[in-house]
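For reference, the structure is listed below as structure tokens.
The values are calculated or read from the model by the stated rules, or taken from the named source; none is laboratory data. Please read all numbers here as calculations on a predicted model, not as lab measurements. All Cβ positions, glycine included, derive from the backbone under ideal geometry; neighbour counts span all protein chains shown.
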Amino acid sequence: MALTNSAAGYGTLTKIFHWTIVILFALQYAGGNIMVAIGFNSSFAGIDTNTYYNWHKSLGLVALVVAILRIINRRTGQLPPWAKTLSKRERAFIHRVEQVFYTAMLVMPITGFLYVSFGNFGVNLFGVWETPRPIPRDDTLRDIFKWAHIIAGWILLAAMAGHIGLVLWHTLVKRDGLIKRML
């Protein structure tokens with residue numbers, strides 16, 4: 001199997017980046033919902049809120065690095081041709097969803113970082129390193145980036161639901177092996 005994409009199929013790097021982002025987004029949604037549900041000065045599964053927040057922020061920065069690497073990888077080589085079993089409408093849908101995904105891979109961590117930075121919270125990277133806080137506190141900008149982060153999260157969730165739904169349709173109903181292209 002080739003390292004980068006080719007006319008023969010998706011390359012190893014594309015598959016690794018795809019599934020790494022899937023895992024990171026799943027962890028981010030789970031952790032984010034736990035943080036919000038338990039509130040401040042609380043804990044869930046023996047983990048306190050601050051730890052959830054720091055892991056959420058740390059994984060967000062990791063996701064940003066992976067996203068940048070994924071975009072660079074996407075620009076190398078070529079994309080394989082569309083699966084023959086995809087209709088024109090499905091191809092158009094996938095194209096738009098991919099645009100949302102690539103935008104979200106940048107917007108989510110950047111708005112999250114700006115939200116915590118303008119809130120003067122900072123990022124304690126995996127409990128090991130406190131990142132610098134180059135931005136002064138600004139409650140108005142904090143709230144703007146908080147809502148941008150939340151709205152982008154909902155848009156991303158809708159795109160993921162559509163993407164997963166289409167893959168499940170092709171896997172469980174059409175049984176055309178579409179998912180094998182990314183495995």
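Conditions (1) basic (Lys, Arg); (2) free of Cβ contacts under 8 Å to residues at least 12 places away in the same chain, marked per residue:
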residue	(1), (2)
ILE71	no, no
PRO80	no, no
GLN99	no, yes
THR111	no, no
ARG133	yes, no
ARG137	yes, no
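Residue check, LYS84 against (1) of a type in the set (D, E, K, R); (2) surrounded by 15 or more Cβ atoms within 10 Å (Cβ to Cβ); (3) outside any helix (DSSP H, G or I), all met but one. Which one?
LYS84 satisfies every listed condition except (2).
For region 164-183, give me the residue count where each residue is in a helix (DSSP H, G or I) and small (Gly, Ala, Ser).
Adding up the residues that qualify gives 1.
What residue, among those in region 139-157 that are within 15 Å of the chain's Cα centre (by Cα) and free of Cβ contacts under 8 Å to residues at least 12 places away in the same chain, is nearest to HIS56 (Cα to Cα)?
ILE150
If only one of ALA37, ALA2 is aliphatic (A, V, I, L, M) and closer than 28 Å to VAL107 by Cα, which one is it?
So the residue among ALA37, ALA2 that is aliphatic (A, V, I, L, M) and closer than 28 Å to VAL107 by Cα is ALA37.
When residues of region 28-52 are filtered for being within 22 Å of LEU156 (Cβ to Cβ), surrounded by 14 or more Cβ atoms within 10 Å (Cβ to Cβ) and free of Cβ contacts under 8 Å to residues at least 40 places away in the same chain, how many remain?
The number of residues fulfilling the criteria is 4.
Does at least one position in region 34-52 carry a residue that is of a type in the set (D, E, K, R) and in a helix (DSSP H, G or I)? Lay out the reasoning, then the answer.
First, pick out the residues of region 34-52 that are of a type in the set (D, E, K, R): 48.
Filter again for in a helix (DSSP H, G or I), leaving none.
Within region 34-52, none of the residues are of a type in the set (D, E, K, R) and in a helix (DSSP H, G or I).
How many residues does region 124-136 contain that are in contact with a Gly (Cβ under 7 Å, 6 or more places away or on another chain) and either among the charged types (D, E, K, R) or exposed (fewer than 12 other Cβ atoms within 10 Å of the Cβ) (or both)?
Counting residues in region 124-136 that are in contact with a Gly (Cβ under 7 Å, 6 or more places away or on another chain) and either among the charged types (D, E, K, R) or exposed (fewer than 12 other Cβ atoms within 10 Å of the Cβ) (or both) gives 2.
On the given criteria, is ARG142 out of contact with any Ser or Thr (no Cβ under 7 Å at 6 or more places or on another chain), farther than 30 Å from ARG175 by Cα, charged (D, E, K, R) and in a helix (DSSP H, G or I)?
The answer is yes for ARG142.
Hey, among the residues in region 5-24 that are within 27 Å of ALA161 (Cα to Cα) and among the polar types (S, T, N, Q), which one's farthest from the chain's Cα centre (by Cα)?
Filtering region 5-24 down to residues within 27 Å of ALA161 (Cα to Cα) leaves 5, 9-24.
Next, only the ones that are among the polar types (S, T, N, Q) stay: 5, 12, 14, 20.
Values: ASN5: 21, THR12: 19, THR14: 15, THR20: 9 Å.
Within region 5-24, the match that is farthest from the chain's Cα centre (by Cα) is ASN5.
To keep it simple, each residue is scored yes or no on (1) closer than 15 Å to PHE25 by Cβ; (2) at pLDDT 90 or above.
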{"site": "SER43", "(1), (2)": "no, no"}
{"site": "VAL62", "(1), (2)": "yes, yes"}
{"site": "VAL66", "(1), (2)": "yes, yes"}
{"site": "ARG74", "(1), (2)": "no, no"}
{"site": "LEU79", "(1), (2)": "no, no"}
{"site": "THR85", "(1), (2)": "no, yes"}
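Got a number for residues in region 158-176 being touching a residue at least 12 places away in the same chain (Cβ under 8 Å) and over 20 Å from TYR102 (Cα atoms)?
Looking only at that region, the number is 3.
Of the residues PHE121, PHE113, which single one is under 13 Å from LYS57 (Cβ atoms), among the aromatic types (Phe, Trp, Tyr) and either within 21 Å of the chain's Cα centre (by Cα) or in a helix (DSSP H, G or I) (or both)?
When all the criteria are applied, what remains is PHE113.
Going through region 50-60 one residue at a time, which ones are within 20 Å of ALA26 (Cβ to Cβ) and of a type in the set (S, T, N, Q)?
THR51, ASN54, SER58, listed by residue number.
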